[in-house]
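Colleague: Below: one structure in structure tokens.
The values are calculated or read from the model by the stated rules, or taken from the named source; none is laboratory data. Note that the coordinates shown come from a computational prediction; the quantities given were computed from them, not determined experimentally. All Cβ positions, glycine included, derive from the backbone under ideal geometry; neighbour counts span all protein chains shown. Surface accessibility is based on the protein's heavy atoms, side chains included, excluding ligands, DNA and RNA. Shrake-Rupley method; radii C 1.70, N 1.55, O 1.52, S 1.80 Å.
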Amino acid sequence: MHQIEKITKSYHTGGFKQKALDNVTFNLRDNEFVSILGHSGSGKTTLLNIIGGLDRYDSGDIIINGISTKNYKDKDWDSYRNHSVGFVFQSYNLIPHQSVLSNVELALTISGISAKLRKQKAIKALEEVGLKDHINKQPNHLSGGQMQRVAIARALVNEPDILLADEPTGALDTQTSLQIMNLLKNVAKKRLVVMVTHNAELAHQYSNRIIELQDGKVISDTHPLAIEENKNSKHESMGKSSMSFLTALSLSFNNLNAKKARTFLTAFAGSIGIIGIALILSLSTGVNNYIDNVQEETMSAYPITIEQESVDFSQLMSARRAETSTKETEDTDSKNENLDVIYSNNESLEQMSEFNSSFRQNNLTAFKKYLDQDDNELSNYVGKNGIVYSYAINFDLFAYDENERLINTDGSSFESVNRQPRTNFSSPSNSFNQPNTKISELLPGQGEQVISPVVKDNYHLIDGKWPEKYNEMVLVVNEANEISLSDFYEFGMLPAKDYEKILNQIENDEELLLEKKTLRFKDLRNQTFYLLPRSDYYEKNARGNYQKLTDDPLTIEKVVKEKAIPIKISGIIQPVDNAKTLTIRTPLAYTRKLRNFLMAYVNQSDIVQAQKKQPKTNVLNGLAFEAANDREKIEDVYHYLEDFTLSQQAEFIKQIQAKQQSLEPFATTEPNLADNPANIADPFNQVVKDLDDSSLLEIYDSSIAPASYDTNLKEFGVVSTENPSAISIYADDFADKEAISDAIEAYNQTVSEKEKITYSDFAGLIMSSVSEIMNVITYVLIAFVSVSLLVSSIMIGIITYISVLERTKEIGILRAIGASKRNISTVFNAETIIIGLFSGLLGIGFTYLLHTPLNNLLLHLLEEDVTVSLSFKNALILIGLSILLSFIAGLIPSKQASRKNPVEALRSE
Ligand code: ADP
Ligand code: MG
């Protein structure tokens, strides 16, 4: 029994207050068919909505089965609507994207009834309204009468105490109206039916009580019910109403399914961000795998290399910077204040010092000793390719010019003309072992590799091929295909006499006009060079000692003809664009095959064999390296002088006389004695005879004592294994390489400043450029992804908002059948979750599709085989992320949906 007590309800529109219901009081029996009549605007719908718990009264009370609803909360009203009330509307209010059966089941799903029972009950309810055959149709495929029956079935399926119908026949023709009225009359047999209508005829015909409203007041009641006052305002809960998340999902899924194209586009746009992240992940996985692979390859190909001479580029640069910056600040900061004195300018000397200190000598002999110790720290990290040593061998390289003139490629053939001595940065201390500035050894590879990849990756062939045989070498040109003009001449490629002319012009300060010369590859490769090892410069003399040949051109030419090893240029190479490390510092370079050949050649030479056979005796003069006492020393000097050639004798006399002159300034000497060698023999013997002991010992100390077994071998061109020109240390992975660097650092801590080692880390150079590229790509992608994620989230929010607007009616319907506010937001959250899921799946799918073209692109761009990949786990995480993001984006619109007033929502179209 429902007691309606002094209910008032007003609407405020603008400043105007309208009383829709004004002190309405009546009681309803549990089982009767009440019609509420009244003109349009008299408050019928408002009254019905308040009885049904869809709208709230301003004052008064509704007492349901003796219980006041004054203290009802939203939850209680939801539950009341769901369990006790069934609504039927004039416009049917079916959910268009749900089947007939689903529409009817909806009320049951909110009550939390099992799926099986739900279906049974719904089918039974549809049977009762005569629609058993139409249960799987969409509502818009039914006629008006059929739709209203569905609505009635939906209202009844929960077996409510009260059925509220708001002008149920208002949109139907007379025939159908009668059918519906009959149906309602039938329903009223078992429960309370309250029907609003303005059709008085139908009301009188079918209902058993008519209440008439006018301007919100009850003006007549044909069958009022009076009851005694026994109110107990105790509140009782009526069982809960709730909607499972699955129901919300299926509601939203069907809704989205009805708008396929839009859903797809939304999901696609939403997926762009996911694609972005998925690509970054794929890429980073690919690159990590790639780096792991390359790491080993690189490590096995690119050593840490320590050269005899290294250039500290950072220091060189800072020296240059200092140079420019001091120029800039000259007339401002460093203005000298005192005008009475003059100041020294220290710049040039400071720069010279900086410049010099940027060229570092590495003491490789000491470092090799360290490496050769069994227990050295570094050896633990050396990879399978071990340590490779390069050796610089001393030899002369000759060429003939077109006039058959023999030229030493080191430029010495022109030194008599070109008075300026050639400067060289390397230390002058070991003059007999000066590195050749025109030719050097290419960094050797490990194992079978003749040439290190460090060389082959940084230089490319522009003609011919890389040297393979020992008697082949490469010519190194610069980026502009040039070599120095002086090299053209000194390699015998242009006539020597032209060069002499140029040098003379320079010396005489004449104007120098040089034309650009060119040579064809073919001619370069046809040029033959002649290599003469140091050991070939010695000949056994009559006394059984080895004697160095005089360096007059004729003698040299003869030796070259007899002994020199012909060498050809097999290819011409040039630094590649963006070369990372240029290891070749000479215009000509040979491989370790020539080095090995020469090492063997020199070792087998007569003079080296002879010296090795008698290590205590100098094969150059037959004297012991170590004299026991001064007597022996003096004897050695006499022996030494006996061996002198005529020209040596002449030179010796000159020196002695010069010395005597300096002691006795006015002593006269015979002039031009040296000009006529035939006259020297006697004076030489005389001079020797006149020498006192101290002079003889002096000669011993300056000429005989410095020679030792080791210096002799060096002089003869033997390269000792202790003295490499470069050391290449190979590691197997990055960690080991780092450990090697640390070990070198530790070694540097233990040695003096002079013996500290500086080195080049080729692998580091290579890898740093790879990771640089990767960083750039990653940053670009992250930026792209952030923007697209933001945009897609905003868009999903907007789409959800639009969806809320579109589904306002549905919100009203759901609220009318008992859905709570929370249920409504769940429905929209379900929608965003579905979109998020779909976006995620779409994004991941796209990403997998993009993998193949991306791999090709990377191969093209990086020229590296990077295989991008996305793990299953990451794919799942990304789909989760997509769901989470669109869920968050939809929170505001779904909250807004839940706040919608159900009455207004129902009224919307
Ligand atoms: P009926 O159903 O009898 O045609 P209603 O109950 O719908 O009448 O309306 C009663 C009165 O309340 C009408 O004057 C109507 O304009 C007014 N009214 C109804 N709902 C609202 C509303 N949401 N805002 C303002 N006025 C309303
Ligand atoms: Mg109305």
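Colleague: Can you give the extra length, in nm with one decimal, that the chain gains between Asp682 and Gln205 once fully stretched, where that is 0.36 nm per residue apart less the Cα-Cα distance? Can you show the working numbers first?
Modeller: Numbers: separation 477, 0.36 × 477 = 171.72 nm, distance 16.71 nm.
Separation in residues times 0.36 nm, less the Cα-Cα distance, equals 155.0 nm.
Colleague: Report, to the nearest 10°, how far helix 347-357 tilts away from the longest principal axis of the Cα atoms in the chain, using its own Cα long axis and a range of 0 to 90°.
Modeller: Approximately 80 degrees, to the nearest 10.
Colleague: May I ask you to give the percent of accessible area on the chain that is carbon plus sulfur, with a probe radius of 1.4 Å? All intermediate terms of the calculation are to be shown ahead of the outcome.
Modeller: Details: 24430 of 46400 Å².
Ligands and nucleic acids excluded, carbon and sulfur reach 53 percent.
Colleague: Roughly what % of DSSP beta bridges within the chain run antiparallel, to the nearest 5?
Modeller: On the way: 57 of 84 bridges.
About 70 percent, rounded to the nearest 5.
Colleague: If you plug each phi of segment 807-815 into the Karplus form 6.51 cos²θ - 1.76 cosθ + 1.60 with θ = phi - 60°, what whole-Hz ³J(HN,Hα) values come out, in order, with x for Gly and Pro?
Modeller: Listing the rounded values in order: 9, 4, 4, 4, 4, x, 4, 4, 5 Hz.
Colleague: Sticking with this one: Using only Cα atoms and rounding to the nearest 10 degrees, what angle (0 to 90) does helix 313-329 make with the longest principal axis of the chain?
Modeller: Around 90 degrees separate the two axes.
Colleague: Ok, one more. So if each residue of separation counts as 0.36 nm, and I subtract the Cα-Cα distance between Lys516 and Ala783, what length gain in nm does that give?
Modeller: On the way: separation 267, 0.36 × 267 = 96.12 nm, distance 5.22 nm.
Length gained, Lys516 through Ala783: 90.9 nm.
Colleague: Hey, what do the phi angles of segment 628-633 turn into as Karplus ³J(HN,Hα) couplings, whole Hz, using 6.51/-1.76/1.60 and θ = phi - 60°, x for Gly and Pro?
Modeller: 6, 8, 4, 4, 5, 4
Colleague: Over segment 60-128, what number does the Rg to Rh ratio reach, with both radii from the alpha-carbon atoms and Rh per Kirkwood?
Modeller: Working: Rg = 14.7 Å, Rh = 14.0 Å.
With Rh from the inverse mean 1/r over Cα pairs, Rg/Rh is 1.05.
Colleague: Once you have the Kirkwood Rh of the chain from its Cα pairs, apply Stokes-Einstein at 37 °C and 0.692 mPa s and quote D in µm²/s. Walk me through the numbers on the way to the answer.
Modeller: Values: Rh = 38.7 Å.
Reported coefficient: 85 µm²/s.
Colleague: So for each of 130-138, 738-746 I average, over its residues, the number of other beta carbons within 10 Å; can you give me the resulting order with the highest mean first? If you can, show how the numbers build up before the last one.
Modeller: Working: 130-138: 14.9, 738-746: 16.6.
Highest to lowest by the protection proxy: 738-746, 130-138.
Colleague: With a probe of 1.4 Å, find how much accessible area the chain has per residue, and write the answer as a whole number in Å². Before the final figure, lay out each step's value.
Modeller: On the way: 46400 Å² over 909 residues.
Accessible surface, normalised per residue, equals 51 Å².
Colleague: Show log10 I(q)/I(0) for segment 765-909 at q = 0.10, 0.17 Å⁻¹, two decimals, from a solvent-free Debye sum over equal Cα scatterers.
Modeller: Result of the Debye calculation: -0.50, -0.95.
Colleague: Which cross-chain or sequence-distant (5 or more) residues have an amide H under 5 Å from the amide H of Asp463, H modelled 1.01 Å from N in plane?
Modeller: Under 5 Å from the amide H of Asp463 lie the amide H atoms of Ile572, each far enough along the sequence or on another chain.
Colleague: Separate question: Hey, got a sec? Which trypsin sites (Lys or Arg not before Pro) in segment 183-229 land in a DSSP loop and have at most 13 other Cβ atoms within 10 Å? Please report the intermediate quantities before stating the final value.
Modeller: Values: sites: Lys185, Lys189, Lys190, Arg191, Arg209, Lys217; in loops: Lys189, Lys190, Arg191.
Within segment 183-229, the qualifying trypsin sites (Lys or Arg not before Pro) (loop, at most 13 other Cβ atoms within 10 Å) are Lys189, Lys190.
Colleague: Given the options Gly86, Ile567, His2, identify the residue whose Cα lies farthest towards the positive end of the charge dipole of the chain (+1 on Cβ of Lys, Arg; -1 on Cβ of Asp, Glu).
Modeller: Of the listed residues, the answer is His2.
Colleague: Taking amide hydrogens as modeled 1.01 Å from N in the peptide plane, which residues meet the under 5 Å criterion relative to Asn362, leaving out close sequence neighbours?
Modeller: Here Glu309, Ser310 satisfy the definition.
Colleague: With 5 Å bins from zero, work out the P(r) of segment 1-155 over every alpha carbon pair and list the percent per bin.
Modeller: 2, 8, 15, 18, 16, 15, 13, 9, 4, 1, 0
Colleague: Hey, if you put +1 on the Cβ of every Lys and Arg and -1 on every Asp and Glu Cβ in the chain, which of Asn254, Thr583, Ile813 ends up farthest toward the positive end of that dipole?
Modeller: Ile813
Colleague: Additional query: About the Cα centre, and with charges only on the beta carbon of Lys, Arg (+1) and Asp, Glu (-1), how big is the dipole of the chain? Nearest 20 debye, please.
Modeller: 9180
Colleague: Same structure again: Taking θ as phi - 60°, what are the ³J(HN,Hα) couplings along segment 694-711 by the Karplus curve (6.51, -1.76, 1.60), each to the nearest whole Hz, with x for Gly and Pro?
Modeller: In residue order, the calculated couplings are 5, 5, 5, 5, 4, 4, 4, 5, 8, 10, 9, 4, x, 6, 9, 4, 5, 5 Hz.
Colleague: May I ask for the percentage of alpha-carbon pairs in segment 564-661 that lie more than 19 Å from each other? Walk me through the numbers on the way to the answer.
Modeller: Numbers: 3304 of 4753 pairs.
Every Cα pair in segment 564-661 considered, those over 19 Å come to 70 percent.
Colleague: Could you estimate the translational diffusion coefficient of segment 127-217 from the Stokes-Einstein equation, with Rh from the Kirkwood formula over C-alpha pairs, at 4 °C and 1.567 mPa s, in whole µm²/s?
Modeller: Values: Rh = 14.0 Å.
Estimated via Stokes-Einstein, D reaches 93 µm²/s.
Colleague: Amide H neighbours of Ser111 under 5 Å, counting only residues 5+ apart in sequence or on other chains, H built in-plane at 1.01 Å?
Modeller: Residues meeting the amide H criterion: Ser242.
Colleague: Report, in debye and to the nearest 20, how large the dipole of segment 526-674 comes out about its Cα centre when Lys and Arg carry +1 and Asp and Glu carry -1 on their Cβ. Show your work: numbers first, answer last.
Modeller: Numbers: 20 positive and 18 negative charges, 214 e Å.
Approximately 1040 debye in magnitude.
Colleague: Given Lys75/Lys132; Lys119/Lys809; Lys456/Lys568; Lys9/Lys190; Lys17/Lys75, which pairs have Cα atoms separated by over 26 Å? Walk me through the numbers on the way to the answer.
Modeller: On the way: Lys75/Lys132 34 Å; Lys119/Lys809 24 Å; Lys456/Lys568 19 Å; Lys9/Lys190 30 Å; Lys17/Lys75 29 Å.
Distance filter (> 26 Å) returns Lys75/Lys132; Lys9/Lys190; Lys17/Lys75.
Colleague: Return the inverse of the average 1/r over all pairs of distinct C-alpha atoms in segment 712-842, which is the Kirkwood hydrodynamic radius, in Å to one decimal. Walk me through the numbers before you get to the answer.
Modeller: On the way: mean 1/r = 0.0447 Å⁻¹.
After inverting the pairwise mean of 1/r, the radius is 22.4 Å.
Colleague: On full extension of the chain, what length is gained from Glu507 through Thr528, given 0.36 nm per residue of separation minus the C-alpha to C-alpha distance? Each step should come with its number before you reach the end.
Modeller: On the way: separation 21, 0.36 × 21 = 7.56 nm, distance 3.07 nm.
Full-extension gain reported as 4.5 nm.
Colleague: Putting +1 on Lys and Arg Cβ atoms and -1 on Asp and Glu Cβ atoms, find which of Leu443, Ser207, Asn376 reaches farthest to the positive end of the dipole of the chain.
Modeller: It is Ser207.
Colleague: Also, I was wondering about something else. Taking the alpha carbon gyration tensor of segment 438-587, what are the square roots of 5 times its eigenvalues, largest first, to the nearest whole Å? Please list the in-between numbers first.
Modeller: Values: eigenvalues 184, 135, 35 Å².
Here the semi-axes work out to 30, 26, 13 Å.
Colleague: Restricting to bridges with both residues inside segment 444-587, how much of the DSSP beta-bridge set is antiparallel, in percent to the nearest 5?
Modeller: Details: 12 of 17 bridges.
In segment 444-587, approximately 70 percent of DSSP beta bridges are antiparallel ones.
Colleague: Taking Cα atoms, how many degrees apart are the long axis of helix 821-862 and the longest axis of the chain, rounded to 10 and kept between 0 and 90?
Modeller: 20
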